[in-house]
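The values are calculated or read from the model by the stated rules, or taken from the named source; none is laboratory data. Predicted model only: the values in this text are computed from it and were never measured. Counting neighbours? That spans all protein chains shown, and the Cβs are built from the backbone with ideal geometry, glycine included.
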Amino acid sequence: EFDILFLQLMIDHHEGALAMVRMIENSSNDEAALLAQEIINAQKAEIEEMTLLLGSLSGA
């Protein structure tokens, strides 16, 4: 089903974004480090939301 595939792909996409942003998480540039943390927080929340939705759609 399209909805399930979409959520699976979006979760993978967000996990990839987390891997990339963790490279600058400890930047000496305060603005970059703050932005990295904001992205991490947002992506994790969205992954959690999509995972729950995926579970309800797939009957888990």
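Per-structure values
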| item | result |
| --- | --- |
| Residue match in segment 13-21 (condition: modelled with pLDDT under 90, among the small types (Gly, Ala, Ser) and in contact with a helix residue (DSSP H, G or I) (Cβ under 9 Å, 6 or more places away or on another chain)) | no |
| Candidates 47, 24, filtered to the one that is in a helix (DSSP H, G or I) and of a type in the set (Val, Ile, Thr) | 47 |
| Close pairs (8 angstrom Cβ cut-off, 6 or more residues apart or separate chains): polar (S, T, N, Q) in segment 27-42, assigned to a helix (DSSP H, G or I) anywhere | 27/33; 27/36 |
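Table: residues versus (1) exposed (fewer than 14 other Cβ atoms within 10 Å of the Cβ); (2) charged (D, E, K, R); (3) within 10 Å of the chain's Cα centre (by Cα).
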{"site": "10", "(1), (2), (3)": "no, no, yes"}
{"site": "14", "(1), (2), (3)": "no, no, yes"}
{"site": "37", "(1), (2), (3)": "yes, no, no"}
{"site": "41", "(1), (2), (3)": "yes, no, yes"}
{"site": "47", "(1), (2), (3)": "no, no, yes"}
